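Let me begin by presenting the structure, written as structure tokens, before commenting on it.
The values are calculated or read from the model by the stated rules, or taken from the named source; none is laboratory data. It should be emphasised that the depicted structure is a prediction, and the values quoted were computed from it without experimental measurement. Don't worry about glycine lacking a Cβ; one is built from the backbone with ideal geometry, like all the others, and counts go over all protein chains shown.
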Amino acid sequence: RDYPDAASCLPLRDTDSISWINVEGLHQVEVIETLGQGFGLHPLVLEDILNTDQRPKVEIYDDYIFIVVKMLLYDTEHEGVRTEQVSLVLGKNFVISFQECHGDVFDGVRERLRHGRRIRFLGSDYLAYALIDAIVDSHFFILEKIGEEIEQLEDELLADPSPESLNQIHRLRREMILLRKSVWPLRELVSELSREDTPMVSRETGVFLRDVYDHCIQVIDTVETFRDLLGGMLDLYMSNVSNRMNEVMKVLTLIATIFIPLTFIAGVYGMNFEYMPELSWKWAYPAVWGIMIGVGIGLVFLFKKKNWL
């Protein structure tokens with residue numbers, strides 16, 4: 001349900017049921033401050049929520065756990081990955097999530113809540129696990145999309161590499177760096193939450209969190225594999241460009257080689273001397289042309305015999 005203001009959510013702290021409060025947009029500072037005061041959040045926590053440049057982390061307080069994660073979303077319009085910070089506050093009977101803007105990866109969790117599955121009857125720690133699990137699993141969808149782009153790009157490189165292919169390689173490499181920076185600290189975060197001595201996280205939920213940890217490892221392995229593939233594709237592109245340049249230089253060199261003797265002949269008979277016997281011959285001009293054409297054709301046959309052409 002939608003609440004008209006932050007004050008309407010404050011009674012949820014004292015109920016026996018588990019509540020999830022999702023705040024979309026960090027521009028309404030008053031709403032965040034009202035929730036912070038009502039749920040007893042430390043001022044430094046509110047500061048970290050508003051600062052979207054935080055590194056994924058876990059901070060354990062007396063009455064709640066503060067979690068910062070990076071949610072990745074695939075932009076289908078621009079075929080790219082964008083990142084968004086999500087802050088979670090895990091209390092005894094509530095979970096508060098703060099996200100930068102509308103749109104997230106929690107639709108599956110909402111659907112489970114609507115249909116009254118066991119997530120409604122388990123603790124707030126399980127709800128927090130479900131949200132973190134949704135964020136981690138979204139990485140697989142993004143990696144699948146990037147994998148399709150890599151396959152298509154590889155075919156383009158083998159067929160006809162272009163500067164646009166190089167731009168795509170660099171873009172995908174940047175996205176791999178973004179994924180790596182997101183999932184590496186997330187792995188540490190999940191590992192810390194899954195420890196048996198973590199307050200407000202039951203042993204049963206810890207088992208589920210260890211499964212999320214395994215998913216993080218799978219994401220990291222896939223990211224490293226894609227990084228290696230993109231590195232090899234960059235080498236392939238540079239090799240293809242170098243080969244094409246070598247072919248161009250080879251043709252230009254052969255053309256220049258053909259014209260060296262022709263230029264020599266033209267230079268000799270272009271000298272401005274008064275006594276040059278050949279100049280007075282009747283067939284001198286066509287003879288010179290015949291020699292030059294013969295030399296050119298002879299060099300072409302020589303190059304073909306050497307497999308240089």
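Taken over the range 275-299, the criterion of being hydroxyl-bearing (Ser, Thr, Tyr) and exposed (fewer than 11 other Cβ atoms within 10 Å of the Cβ) is satisfied by 275, 280. Could you pull out the residue among 105, 89 that is at pLDDT below 90 and surrounded by 13 or more Cβ atoms within 10 Å (Cβ to Cβ)? That would be 105, the only listed residue that is at pLDDT below 90 and surrounded by 13 or more Cβ atoms within 10 Å (Cβ to Cβ). Going residue by residue through the range 94-108, is there one that turns out to be part of a helix (DSSP H, G or I) and assigned by TED's automatic domain parsing to the domain that holds residue 143? Within the range 94-108, one or more residues are part of a helix (DSSP H, G or I) and assigned by TED's automatic domain parsing to the domain that holds residue 143.
Being assigned to a loop (DSSP other than H, G, I, E, B), within 30 Å of the chain's Cα centre (by Cα) and modelled with pLDDT of 85 or more is the filter here; which residues of the range 22-51 pass it?
Start the filter on the range 22-51 by keeping residues that are assigned to a loop (DSSP other than H, G, I, E, B), which leaves 25-28, 39-42, 51.
When the remaining residues are screened for being within 30 Å of the chain's Cα centre (by Cα), the result is 25-27, 51.
Once the filter is applied, which keeps residues that are assigned to a loop (DSSP other than H, G, I, E, B), within 30 Å of the chain's Cα centre (by Cα) and modelled with pLDDT of 85 or more, the range 22-51 yields only 51.
Against the condition surrounded by 13 or more Cβ atoms within 10 Å (Cβ to Cβ) and touching a residue at least 12 places away in the same chain (Cβ under 8 Å), how does residue 30 come out, does it pass? So residue 30 fails the test. Taking the range 139-168 as the range and being within 20 Å of residue 223 (Cα to Cα) and among the aliphatic types (A, V, I, L, M) as the test, the residues that pass are 142, 143, 146, 150, 153, 166.
Here residue 267 passes the criteria (1) part of a helix (DSSP H, G or I); (2) under 30 Å from residue 157 (Cβ atoms); (3) of a type outside the set (Lys, Arg) except the one numbered (2).
Candidates in the range 108-146 are the residues that are of a type in the set (Gly, Ala, Ser) and at pLDDT below 90; of these, the one that is farthest from residue 206 (Cα to Cα) is 116.
The condition of being surrounded by 13 or more Cβ atoms within 10 Å (Cβ to Cβ) and part of a helix (DSSP H, G or I) holds for only one of 251, 219, that being 219.
The numbered conditions (1) under 17 Å from residue 190 (Cβ atoms); (2) of a type in the set (Phe, Trp, Tyr); (3) in contact (Cβ under 8 Å) with a residue 40 or more places away in the chain are all true for residue 66 except (3).
Results for (1) under 20 Å from residue 126 (Cα atoms); (2) aromatic (Phe, Trp, Tyr); (3) surrounded by 12 or more Cβ atoms within 10 Å (Cβ to Cβ), shown as yes or no for each residue.
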site: 9; (1), (2), (3): no, no, yes
site: 13; (1), (2), (3): yes, no, yes
site: 18; (1), (2), (3): yes, no, yes
site: 35; (1), (2), (3): no, no, yes
site: 50; (1), (2), (3): no, no, yes
site: 54; (1), (2), (3): no, no, yes
site: 57; (1), (2), (3): yes, no, yes
site: 61; (1), (2), (3): yes, yes, yes
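One residue alone among 209, 179, 157, 131 is part of a helix (DSSP H, G or I), surrounded by 18 or more Cβ atoms within 10 Å (Cβ to Cβ) and within 14 Å of the chain's Cα centre (by Cα), and that residue is 179.
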